[in-house]
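Colleague: I have a structure here, written as C-alpha cells, and I will follow up with some questions on it.
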Amino acid sequence: MHAVNGVDFDVARGESLAIVGESGSGKTVAAMALVGLVPSPPARIRGERAVLNGLNLLALDERKLSEIRGSRIGFVFQDPLSALNPVLTIGRQISEVIERHLNIKGGEAKRRAVDWLVRVGIADSQGVADSFPHQLSGGMRQRAMIAMGLAGEPELLIADEPTTALDVTVQAQIVDLMLQLRDDLGMALVWISHDLGVVAGLADRVAVMYAGRIVESGSVQDLYGRPAHPYTRGLISSVPDLRTERLSRLATIPGGTPDPMALPPGCAYFPRCGISERECDARVPVMARISSSHWIACTPAANGIVAAEGQGDE
Amino acid sequence: MMGRYVARRLFLMIPVLLGVSILAFYVSQLLPGDPARAAAGRLATPEQLEAVRERLGLDQPIPVQYGLYIGRLLQGDLGTSLSSKQEVAQELRIFFPATLELLFATMVLTVVLGITIGVRAATSRGGWVDRAFLGFSYLGVGMPVFFLALLLQLVFAGWLRVLPIAGRLSLETVPPPVLTGLYTFDALFAGQWATMMDAGRHLVLPALTLSIAGISEVGRITRSAMLNALEQDYVRTARAKGLSERAVWLRHALPNAMLPTTTVIGLQVAFLLGGTVLIENIFSWGGLGTYAWKGIFRLDIPVIMGITLVSTTAYLFVNLGVDLLYTKLDPRIRYE
C-alpha cells in the first residue's frame, strides 16, 4: 500500500510551510519519512530526493540520519503527555539532546536545558526542569516539548499538530511562541495540522494533502482567497464562520476519505468531487501551475482557470 | 508522607504475622505423630514420655500451648528445638544466612540475566536471540528443578570437574570469621580471597539451578514490557532526538518496562523463600530449607514455627521493598 505518493514540497529559512489534511491523509508520514522515523520494515521509502541545505537525506544511512534528527531537524509532537517520557524529568529529556548533538556534558547541558525552558516562556524554569511530565499542565508540557525540539539548534523544525491537545487560548500562545522563535532563530518551520483556521494565522505557504498526495499548494493568500481544488474549497466552506449572525447548517463534504489500501486508479477525490469529468477516474491528475505561486492537482479545475484567464486576456 | 506510609505498612505486619503464626501452629498439630515421642526418643518408657510431655507443655490444650508460645515470642524467645535441644533463635542465626546467601546469588543471576536476555529478545524480535530465548524459557519453566540440579551436577562436577558438587565450602577451607553469616561477604570483609572464591564456586550450581525458572519468567515479562514500551510515542520522540538505538532502549524504553518486571522479581523472591528445601537438600547446603525439612520430620514445632515466622517476615519486607521501589521506577506512583 502507498500511504504517501509523489509528495513534493520545499521550505526556506525563516519561512513557515503548513501541511494540512484530514487524519490519515499522510501528512505526518510524509514528514517522518524524510528522516527515517517511519519504521522500516514494514515501510519502504522510495523517494528521489529530500534535500536539507544541499544534503540529500534519503541517501543517508541510519547513523548519519540520527545525527541530523534532533540537531539540524527538530521535532515537536502532538499530545506531549504521551510524547514525553513519563519516567524522566523534563530537564533530562532536554539535556540529552544537548549532550547528543552539541557535545556538551553534565552540568553545562543541564544549565542550557533550563535556558531553553526560559526561552519558551516558562517562568519557573528550574522547577519545571526538575518536574516529570505528569506534574505539568498541557500548555507547559507543550512548551517543554518545543524547548526539546529546539535544544539541538535546528535549521528546520517540524511540528506535528502541536496545538491539537490544547485549550484555544493556550493554542494561540503556542502559535505566537513558535512564530517568534522561528524569527529569532531564523529556522524553517513545517507545521502539520488538520486545522485550516490555525494554519491561516501562521503559515506563509500551505500544502493541502488528500489520500497521500498534495492536491493544492500555494501562498496563504492563494489558498484562502482563491482556493482552486474542489477539496480545498470544500474544506474552507466547512470552517464555521463566527461572524455570520444567522444560524446556518455547516457545510460538509459528502462521503469519507478513501481506504489507502484501495485507492481509486485516478484522482482519489473523484468519488466525492462535484466537478469531476469522466477522465478523472482514469488518470491521476498532475500538478498544474495556475499562478506564480499556486499549484493544483485537478485537471478540470486547472483547465477551467486557464480557460477563464484566456477569455479575460481577449 | 513516605515515612508515615512505611510506618503504617510496618504496623500492618503485626496482624499478618499473628495470623500466620496461628495457622502454622495449628497445622503443625495436624502432622502425624507425637511430638513428645519424637523428643523423648524411641526407647523412652511411658513414664518418661509423660514427663517429657508435661515438661514441654504438650499436655496443655492447644490454645494454651499457642498462648504460651506467643508469650515467650513477645519476649524475643523463639523456644528450644525439641530434637537438638538448642535455642531455635541460635540455630536460625546459623541456617538463615546460608539461605540468604543462596537467595542473593540466585536473584543476582535472575535479575541480571533475565533483564539482559529480555531486552535483547525484544530489541531483536524474531531474530535468533529471541527464538533461542523462547525455546529456553519453555525448558526453564517446564523442567523439574531436581532434574536440572542433577544434570548440572553431572556435567559440571562429574564430567568437567570444574565446580564442586555440593556444600558451601571445600573440606580444607576454614569458614571466615562470622560477621553476617554469608561466607562470600564475610571472607571479603576479612580479606580472605581464596575463601571467598571457594564460597563463590560453591554457590554457582545451586544458584544456577534455582535461577533458571526465574530467568525465564523475568526475561519473558521484560521482553513483552519492552515491546510494549517500544511502541509508545515517547520512543518515537527519543528517536526524533537522534539518540542511538541503545540509548532509546536502555534510557527510554527499559525504565518504563521495569514496573511489571519488578513485580515478577518480587514474586520470585517470595517463591524462593519457600522453594529452596529440595535444592538445599540436593546440594547439602545446610540452610533454612534443610533445617525446615529436618524440623518437619522430627515434629519439632518450635523449629517449624521459627522458620515460618522468619520466612514470613522476610517475605513481608520484600513486598514492602518492591512497593517502595515502584515509586522510584515510576514518578507517577505515590503512596499516601
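Nothing in this text is a laboratory measurement; each read-out follows from the coordinates by a stated rule. Predicted model, so just to flag it, every value in this text is computed and none were measured. Virtual Cβ from ideal backbone geometry, glycine too; neighbours counted across all protein chains shown.
Colleague: Taking amide hydrogens as modeled 1.01 Å from N in the peptide plane, which residues meet the under 5 Å criterion relative to A:V190, leaving out close sequence neighbours?
Modeller: A:L17, A:L157, A:I158, A:A159
Colleague: A further question on this structure: So how tilted is helix B:254-275 from the main axis of chain B? Cα-based, degrees 0 to 90, rounded to 10.
Modeller: 20 degrees
Colleague: Please go through region A:82-121 and write out the trypsin sites (Lys or Arg not before Pro) that DSSP classes as loop and that have at most 13 other C-beta atoms within 10 Å.
Modeller: When the trypsin sites (Lys or Arg not before Pro) of region A:82-121 are filtered for loop state and at most 13 Cβ neighbours within 10 Å, A:K105 remain.
Colleague: In percent, how large is the relative contact order of region B:226-312, given Cα pairs closer than 8 Å and 6 or more residues apart?
Modeller: Once divided by the residue count of region B:226-312, the mean separation gives 18 percent.
Colleague: Would you compute, for the Cα atoms of chain A, the largest minus smallest coordinate along each principal axis and list the three values in descending order, in whole Å?
Modeller: Each principal axis gives a Cα extent; for chain A these are 69, 52, 38 Å.
Colleague: Which one, B:Q60, A:A251, B:L12, is farthest towards the positive end of the dipole of the protein assembly as shown when Lys and Arg carry +1 and Asp and Glu -1 on their Cβ?
Modeller: In the protein assembly as shown, that residue is B:Q60.
Colleague: B:K241: which aspartates and glutamates have alpha carbons under 12 Å from its alpha carbon, excluding same-chain residues fewer than 8 sequence positions away?
Modeller: List returned: A:E67, A:E96, A:E99, A:E153.
Colleague: Sorted from fewest to most neighbouring beta carbons within 10 Å, what does the list B:W293, A:W191, A:W116 look like?
Modeller: B:W293, A:W116, A:W191
Colleague: What does region B:221-262 give for Rg and for Dmax, in Å, if only its C-alpha atoms count?
Modeller: Rg and Dmax of region B:221-262, Cα atoms, are 9.7, 29 Å.
Colleague: B:E54 versus B:V204, label points 7 Å from Cα toward the beta carbon: distance in nm?
Modeller: Label-label distance for B:E54 and B:V204, simple model: 5.9 nm.
Colleague: Loop only per DSSP, at most 15 neighbouring Cβ atoms within 10 Å: give me the trypsin sites (Lys or Arg not before Pro) in region B:10-90, ordered by residue number.
Modeller: B:R42, B:K85
Colleague: Principal axis extents for the protein assembly as shown, Cα atoms only, whole Å, descending order, please.
Modeller: 135, 60, 52 Å, listed from the longest principal axis down.
Colleague: Please work out the FRET efficiency for the pair B:T327 and A:D167, using the Cβ-Cβ distance as r and a Förster radius of 25 Å; give the result to the nearest 0.05.
Modeller: 0.20
Colleague: So, one more: Determine which aspartates and glutamates satisfy two conditions relative to B:K294: a Cα distance under 18 Å, and not lying fewer than 8 residues away in the same chain.
Modeller: Qualifying aspartates and glutamates at Cα under 18 Å: B:D34, B:E87, B:E91, B:E280.
Colleague: State whether chain B is rounded, prolate or oblate according to the following rule on the C-alpha gyration tensor (a ≥ b ≥ c being the square roots of its eigenvalues): a/c under 1.5 gives rounded; otherwise a/b larger than b/c gives prolate, and the remaining case gives oblate.
Modeller: Prolate shape, in that a/c is at least 1.5 and a/b is the bigger ratio.
Colleague: Find the relative contact order for chain B and round it to a whole percent, using C-alpha pairs within less than 8 Å whose residues are 6+ positions apart.
Modeller: That works out to 27 percent.
Colleague: Here is a follow-up. Quantify how strongly other chains surround peptide B:242-250 by giving the mean number of their Cβ atoms within 10 Å of each of its Cβ atoms.
Modeller: Mean partner-chain Cβ count within 10 Å for B:242-250: 4.
Colleague: Hey, another quick one. Cut-off 10 angstrom, C-alpha nodes, Gaussian network model of chain A. Which of A:D176, A:D195, A:D124 fluctuates the most?
Modeller: Per the Cα network of chain A with a 10 Å cutoff, A:D124 tops the list.
Colleague: Using 0.36 nm times the number of residues separating B:L250 and B:L73, minus their current alpha carbon distance, what extension gain do you get?
Modeller: Gain on stretching B:L250 to B:L73: 58.9 nm.
Colleague: With an 8 Å Cα cut-off and a minimum separation of 6 or more residues, compute the relative contact order for chain A in percent.
Modeller: 22 percent
Colleague: Another one. Given chain A, what percent of its DSSP beta bridges are antiparallel, to the nearest 5?
Modeller: 40 percent
Colleague: Taking a cut-off of 27 Å, what percent of all Cα-Cα pairs in region B:193-336 are separated by more than that?
Modeller: I get 43 percent for the Cα pairs in region B:193-336 exceeding 27 Å.
Colleague: When chain A is treated as a GNM, springs tying every alpha-carbon pair under 10 Å, which of A:T28, A:T232, A:T257 comes out with the largest mean-square fluctuation?
Modeller: A:T257
Colleague: Where does region B:1-66 land on Rg(C-alpha)/(2.2 N^0.38 Å)?
Modeller: Taking the Cα Rg and dividing by 2.2 N^0.38 Å, one obtains 1.72.
Colleague: State to the nearest 20 debye the size of the charge dipole of region A:99-194 about its Cα centre, where the only charges are +1 on K and R beta carbons and -1 on D and E beta carbons.
Modeller: About 280 debye.
Colleague: If you don't mind, another one. Rounding to the nearest 10 and keeping the result within 0 to 90°, find how far the Cα-based axis of helix B:128-142 lies from the longest principal axis of chain B.
Modeller: Its long axis makes an angle of about 20 degrees.
Colleague: Hey, another quick one. Between their Cα atoms, which of A:K27/A:K110; A:K105/B:K328; A:K27/A:K64 are more than 30 Å away from each other?
Modeller: In this structure, A:K27/A:K110 exceed 30 Å between Cα atoms.
Colleague: Return the tail of the calculated pair distribution for region A:20-203, meaning the percent of Cα-Cα pairs more than 31 Å apart.
Modeller: Everything past 31 Å amounts to 14 percent.
Colleague: Given N residues in region B:192-268, what is its alpha carbon radius of gyration divided by 2.2 N^0.38 Å?
Modeller: Relative to the 2.2 N^0.38 Å estimate, region B:192-268 comes out at 1.53.
Colleague: Separate question: To the nearest whole number, what is the average tally of beta carbon atoms from other chains within 10 Å of the beta carbons of peptide A:85-92?
Modeller: What the average comes to for A:85-92 is 5.
Colleague: Right, here's the next one. Rg and Dmax of region B:92-173 over Cα atoms: what are they, in angstrom?
Modeller: 16.4, 50
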